[in-house]
Amino acid sequence: MLRELEIDIDVSAPLSRYPLAIQQMVAISRALNISSRVLVLDEPTSSLDEAEVQLLFRVLRRLREQGMAILFVTHFLDQTYAISDRITVMRNGEREGEYAAAELSRLALVNKMIGKPADAGEADAVQATAEEARPEGAASVVLETRGLGRKGVLQPVTMQVREGEVLGLAGLLGAGRTELARLLFGADRADKGDIVIGDKAYGTFANPRQAIAAGIGFCSEDRKLEGAILSLSVRENLVLALQARQGMLRAIPMQRQRELAEEYVKALGIKTASIETPIGTLSGGNQQKVLLARWLATGPRLMILDEPTRGIDVRAKQEIMDYVTTLCKRGMSLLFISSELPEVLRCSDRMIVMRDRVTCGEYLRGDLDETTVLHAIAGEAA
């Protein structure tokens with residue numbers, strides 16, 4: 001069965017010894033062994049390198065020629081067009097439509113994925129005023145990555161974030177924005193590249209504690225799973241990162257915890273009956289404000305915000321972004337990730353566009369407009 005898929009391995013060895021591409025081929029072989037008529041592949045290339053992807057595609061094309069129906073689920077645009085005869089677009093849990101791959105442009109596909117009409121006109125450019133514009137090179141570099149990446153997760157990224165700057169990351173779901181954020185924070189371990197903060201080179205961070213010590217804060221995209229501890233109080237959630245940085249042997253005095261909690265509840269306008277109220281009873285917007293305060297209490301040089309306004313009301317969104325923008329004017333730097341393109345355009349001094357886990361464009365504020373960014377996401381010339 002494996003020879004038919006161009007795989008020559010020791011079939012008596014444990015599967016765990018082999019790379020993910022081989023494991024994927026064994027799974028496909030198992031499906032073929034039961035005379036399947038339909039093969040469903042859910043993100044089969046998410047952890048494969050380019051050579052492994054091409055091997056998989058050769059096999060899939062051969063199976064297609066033999067009459068097998070293949071449902072290929074992916075967020076990679078290039079791979080969608082490389083392997084598909086027809087494309088079904090899903091958005092917000094619903095089927096948006098079905099199209100012949102040869103008749104659907106990449107830009108039209110992106111527009112359908114994000115819910116923007118394909119014939120929408122040119123968006124107004126978001127121009128900086130003379131007072132707002134920051135001359136290139138005027139501020140010092142707070143963070144620099146040099147070829148930071150991880151095999152099968154993110155292609156090497158080289159970028160800089162300057163003092164007081166909001167650097168936006170734009171792209172579709174799965175483009176590599178969150179993967180980059182997690183590598184920067186040590187939540188996932190990079191296997192190549194370097195991180196430089198100020199004048200100090202760190203190599204890569206082995207864990208979040210190292211990133212916190214270096215002055216990085218990180219609000220994850222999954223507020224409930226990776227952020228808030230719902231049974232703990234507002235105060236307890238707020239001091240967690242600061243306590244982690246100090247170490248458990250240097251407990252923050254209770255009086256200082258209360259002072260911090262009261263200070264940030266007031267500064268961010270957090271709606272809570274008390275700082276001892278369990279965070280799980282707060283609205284989504286107020287939970288997000290507590291998590292933001294958690295990291296601000298550590299006095300970070302760089303804050304990473306991954307989808308900070310997801311699932312919260314418009315007023316809370318505006319309050320959060322207004323407060324963060326004020327902090328940037330005081331010198332804090334921000335890496336801002338959002339699926340809402342107008343929000344990234346409105347807030348960013350610079351923007352990096354990512355597609356298929358590769359950086360594919362960088363734009364200054366004066367160059368930013370929605371059409372240009374959409375073309376970059378789609379991989380087409382504007």
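Before moving on, here are some points about what is shown:
- Subset of region 140-181 that is touching a helix residue (DSSP H, G or I) at 6+ places or on another chain (Cβ under 8 Å) and among the β-branched types (Val, Ile, Thr) - its residue that is nearest to residue 302 (Cα to Cα): 166
- Positions within region 161-218 being modelled with pLDDT of 90 or more, under 16 Å from the mean Cα position of the chain (by Cα) and surrounded by fewer than 16 Cβ atoms within 10 Å (Cβ to Cβ), in sequence order: 189
- Every residue from region 252-305 that is of a type in the set (A, V, I, L, M, F, W, C), outside any helix (DSSP H, G or I) and out of contact with any Lys or Arg (no Cβ under 8 Å at 6 or more places or on another chain): 252, 273, 297, 302, 303, 304, 305
- Verdict on residue 175 being among the hydrophobic types (A, V, I, L, M, F, W, C), farther than 25 Å from residue 244 by Cα and out of contact with any Pro (no Cβ under 8 Å at 6 or more places or on another chain): yes
- Listed by first and then second residue, the pairs linking a residue in region 368-381 that is modelled with pLDDT of 80 or more to a residue that is of a type in the set (Lys, Arg) and crowded, with 19+ Cβ neighbours inside 10 Å, with Cβ atoms under 6 Å apart and 6 or more places separating them unless they lie on different chains, are 377/355.
- Restricted to region 306-382, the set of helices (runs of 4 or more DSSP H) holding at least 3 residues that are surrounded by fewer than 17 Cβ atoms within 10 Å (Cβ to Cβ) comprises 314-329.
- Lone unmet requirement of (1) out of contact with any Leu (no Cβ under 9 Å at 6 or more places or on another chain); (2) under 13 Å from residue 39 (Cβ atoms); (3) buried (at least 17 other Cβ atoms within 10 Å of the Cβ) for residue 76: (2)
- Restricted to region 19-46, and to residues there that are of a type in the set (Ser, Thr, Tyr) and surrounded by fewer than 16 Cβ atoms within 10 Å (Cβ to Cβ), the residue that is farthest from residue 175 (Cα to Cα) is 35.
The values are calculated or read from the model by the stated rules, or taken from the named source; none is laboratory data. Please read these numbers as outputs of a predicted model, since none were measured by experiment. Please note: Cβ atoms are built from the backbone with ideal geometry, for glycine as well, and neighbour counts cover all protein chains shown.
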